Structure formats: C-alpha cells, structure tokens
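**Student:** One structure follows; several queries about it will come next.
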Amino acid sequence: MKTQKDLEKPIWDQMRSPSGNPIPGTGSSTRPAPKLMVWLILFVSVTYVVYTLKLVSTSRACEDEAFSTAQRTSTAMVHNVTAKSSELLIQNQTASDHYHLHRRESQETRTERPTEIHHIVFGIAASAKLWDKRKEYIKIWYRPDDDMRGVVWLDSVVKTNTTDNLPPTKISSDTSQFPYTNKQGHRSAIRISRIVSETLRLGLKNVRWFVMGDDDTVFITENLVRVLRKYDHNQYYYIGSLSESHLQNIFFSYGMAYGGGGFAISYPLAKALVKMQDRCIHRYPGLYGSDDRMQACMAELGVPLTKELGFHQYDVYGNLFGLLAAHPVTPLVSLHHLDVVEPIFPNMTRVEALQHLMVPKKLDSAAIMQQSICYDKRRTWTISVSWGFAVQVFRGIFSPREMEMPSRTFLNWYRRADYTAYAFNTRPVSRNQCQKPFVFYMSKAIFNSTMNQTVSEYTRHRVPHPECRWKMANPADLDTIVVYKKPDPHLWDRSPRRNCCRVLKSKTKGKGSIEIDVGICRAGEVSEV
C-alpha cells in the first residue's frame, strides 16, 4: 500500500519538470494532471480573494487568519508584483502628466501675445561728462509716448529736463569693492557691466527682455522688436553681434556681444545673472571692459552668444557709406560710435543726418537700409539701391556677389591694420577710374496712399569724377532717382532674401532722372543681366 509520500511524489516530480511532463524514470503516470490543475486553480483563486479582502478591509482580522506558510509566501509575491505594477503605472502617469504639462506650456507660449516694445527695458550706459552731447542721440530714437521703458545709468548727477522725453536717470551703485587691474582700461567698466542687474533690481513688471546700449547708440526699435520676437523670452538668451574689426574680436572674443552695438538678455537669464554676477566680477579683475565681463559671466552660466548681424558696433573710422550701402540681409537694429565716424548723410551734422534717416524709417522700418541689385541693360549700368539711404549707379556690369560686399570707404579701428583685418569681405571703391560709382542720397520720402506705396527721391551727391572715355551712357547726366516701394512690415517673417529692383521706363521725357521699382522678387526673378 502506497504511503502519502508515494502519492505526492508524482505531483512533485511533475512540478520540477520544466515542460510540465513527468520526469522520465520516475514511473509516474499522467492521471494526476487534472487534479493538479484543479489544485492550482483553487490556490490562485483563494490567493486572489484573500488579497482582495486584505485591500478593502481596515481591520486586522484577515491578517490573523491561519494561512499556511505556502499561502503567506504566495500572497507576498502577488503583493510585490502588484506593487511594482502600480509603481510603474504611477511613473508612466507622471511622465505622461509632465509631457502634457510641457506641451500645454509650449502651446501657451506659442499662443502668448508677441513681444512688443513695452516688454523691453533699455539699460543705457552714460557718462555725466558727455551727457549734454550724447543725450541728443537718445532723443532720436527713444519715445516714452510709445510705451518705451528704459533707465540711463550715470556715474554722477546731471541736470535733466522733463520736456526732453528722455528715460529717467539713476546713479550706478558704488563699485570700489571690486578689484580692477587692467592698466589700459578704466574701472567704470565694472559699473557698466552691472547695468542689467541693477535694472532688474528696480522690480519693473511685465519685462521679457533687457537691452543694453551706450548713450551714443541709436536703435531702430521696430526692428529690435522684430528680432526679439523670433526667440522664446522664457528661455536663456544672450543676443548681440561682434565687432567689425578682426583684431578686436581676437583681442576680446568672437563669442562676445559688443555692448556699444547693444545686446539683449532674456528675463530668466537676467535673474540667473543677478544671483552670481558680483562673485563673477571678482574673478575677472584683469579684463578690459564691461562687455567682456558680461561674456565671462555668460560663459560661467553656460549661455553662448546668439548672433544677430543687425546690431552694429562699428569699430571703424571715416565714412560708413560702404557698410550701410551693402547692409547684410537682416533687420537694421542699431548704430554705434556715431561720434567717431562722419555723418551718414553729407552736408549735415551727425544728429541731423540720423534724424533724416528716421523719415523713411517711419514709412517702412523693416526695409530701412536693405540693398537691392538690378541692371539697366540699355545703358549697361549696374544699380544698387540701399532703400531709405542711397542709390549707386556704376558704369558696366558688376555681379551681385561683388555688389553685396561693402566697399572700403572706412578705415580700420587699428590705424596700421589694412583691409585684411576686417571680420568680413570687402572690395575696393573702384578698380578703374571709370567705375567710380555715382552716389545719390535720399532727399525726401513720402507715402502715396492712392498707390499704396512709398515714393523716395535720391539726389546726386556732386563730387568730382575722373574723366572717362568709355563709349557708353554717362550717369553724370542724372540728377535724381525716384524709387517706388510698397511697405512690407512682414518682410522678416519670411526667409531672408534681398528685395528685387527693376528699372522702369521713364514717364518723363527728361534725361535727368530714372525710376526704379523695389519689392518682393517675382517667381523666377533673378538679379542677372
């Protein structure tokens, strides 16, 4: 007669077999298999019921029941599996919540109203010694009636007049506790480098961007807004541009925004900067200026320079004509070092010339200084239009590749450096005496509401030209050039591309003028002869 152990052995052997079949050589039959399945089903069912009762019950009664050792072990295993599953479900749900929250925040950012001028606060670095002269530059562009906000930071008190419509003035904090060891510079650089932080501490509301500039910097504020709209003000951004001088960039940094040309810092980045800047300044006593100190702190924060070519430092001397007439295909944002260079329009003071530029700026700010290149095939002329500024007429044919290079009407910041020391390509004013351009400066500009277009007139700048024996039409016969252009406030909402220009058949019989149409390039239109 078989004992209880003999009866249990086939079941135990079957459970040990990976395939679920009896292990060969045990001599057991397959008849106990149905009983095994019944026992397993009962076991799992009891375990499930017990675990369910344990979850819904708040008493300890279920815990005191006399479970067998096998039942308690199995219940614990089921509990662990269920707990891990619940934890994984919670993690997945949390990740899903974070994803939807981020997506919702991104959607809110996208649906947020675009940046406007009242979201920007200007921090203007000024000196009391030069204030009476430099404030005239600020008057040209700063308009408090247009919701502009800004603060002029000075080293000492100056006389102010409320009728000047200038930003409020404040005295910078004392910086004597900061070390400064650069023998070539001036310790006022420390004061100026803290302007963004001091402006933030004023607690102004609804600020998205802090824009730094000097008192001899003129901003085209409409284009500044257009540039900043491209970027998410909730992120860390440090936006500006380089020097025109290759040597300046080598001495200081190709990754630094030059403060005179202006730069923009987003509000969250300014908040991060204000927490660490004073410690940062202590670490760099040997730096020369304010902008390299700012860049050093940006490097510690891990934020690189986002380059926008419309911020112009203008580390050059002489005449800016070559640079302005071949402005890069980007919005004109700022002009700096206006005390160093000649007036941008002839026969005017520097301030008068800049005020004159504001006339076309009010009509079509997006297009100011933008270059167009076209050809008068009949007379074999190359024509370059820098809208709102000047028109050039050349004898012969010049490729657009050459025309978009600035002509060297200016001198290097380092007097001994030649034209190879610029951070961009340049070309000579002329390679042949017959190819010296005839320049026509903008004399007036109006908006024709009937035609829905601007009409700007350019008058020839009368300077001596060398004698030329070329047998072709002579641009010296021209007195004026009239340019027609429809305002295009959404010019920079599209991909960057130069506008096209077309020489029109003159409506007048006189030979002293030509008419040009400037606008978006038509399908298939190319600047070619």
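The values are calculated or read from the model by the stated rules, or taken from the named source; none is laboratory data. Note that the structure is a prediction, hence the values are computed from the model and not measured. Every residue, glycine among them, receives a Cβ derived from its backbone with ideal geometry; neighbour counts consider all protein chains shown. Surface areas here come from the heavy atoms of the whole protein model, side chains and all, with no ligands, DNA or RNA. Shrake-Rupley method; radii C 1.70, N 1.55, O 1.52, S 1.80 Å.
**Student:** Only one of Tyr288, Tyr258, Tyr284 is outside any strand (DSSP E or B) and closer than 30 Å to Asp493 by Cα; which?
**Tutor:** The conditions single out Tyr258.
**Student:** Quick check, is Leu338 surrounded by 21 or more Cβ atoms within 10 Å (Cβ to Cβ), hydrophobic (A, V, I, L, M, F, W, C), at pLDDT below 95 and within 22 Å of Phe122 (Cβ to Cβ)?
**Tutor:** yes
**Student:** Right, next: When the stretch 113-168 is examined, which residues are found to be open to solvent by 40 Å² or more (accessible area, probe 1.4 Å) and in a strand (DSSP E or B)?
**Tutor:** If the condition is that a residue be open to solvent by 40 Å² or more (accessible area, probe 1.4 Å) and in a strand (DSSP E or B), then Arg149 is the only one that fits.
**Student:** Quickly run through the stretch 198-220 and pick out the residues that are part of a helix (DSSP H, G or I) and touching a helix residue (DSSP H, G or I) at 6+ places or on another chain (Cβ under 6 Å).
**Tutor:** Leu200, the sole residue that qualifies.
**Student:** When you go through (1) under 23 Å from Thr459 (Cβ atoms); (2) of a type in the set (Ser, Thr, Tyr); (3) without any contact (Cβ under 8 Å) to a residue 40 or more places away in the chain; (4) touching a strand residue (DSSP E or B) at 6+ places or on another chain (Cβ under 8 Å) one by one for Thr349, which number turns out not to apply?
**Tutor:** (4)
**Student:** Among Gly255, Gly302, Gly262, Gly310, which is the only one that is open to solvent by less than 40 Å² (accessible area, probe 1.4 Å), at pLDDT 95 or above and on the phi > 0 side of the Ramachandran plot?
**Tutor:** Only one candidate passes the filter, namely Gly262.
**Student:** Quick one: what pairs do we get from the stretch 222-249, first residue among the charged types (D, E, K, R), second in a loop (DSSP other than H, G, I, E, B) and open to solvent by 40 Å² or more (accessible area, probe 1.4 Å), C-beta under 7 Å, 6+ apart or different chains?
**Tutor:** Arg229/Pro114; Glu244/Ala423
**Student:** Can you pull out the strands (runs of 3 or more DSSP E) entirely within the stretch 425-529 that have at least 2 residues that are over 19 Å from Cys374 (Cβ atoms), of a type in the set (Phe, Trp, Tyr) and over 33 Å from the mean Cα position of the chain (by Cα)?
**Tutor:** Qualifying strands (runs of 3 or more DSSP E): none found.
**Student:** With respect to Ala367, determine if the residue is in contact with a Pro (Cβ under 8 Å, 6 or more places away or on another chain) and either surrounded by 22 or more Cβ atoms within 10 Å (Cβ to Cβ) or not charged (D, E, K, R) (or both).
**Tutor:** Taking the combined requirement at face value, the residue satisfies it.
**Student:** Does at least one position in the stretch 183-191 carry a residue that is open to solvent by less than 40 Å² (accessible area, probe 1.4 Å) and within 22 Å of the chain's Cα centre (by Cα)?
**Tutor:** no
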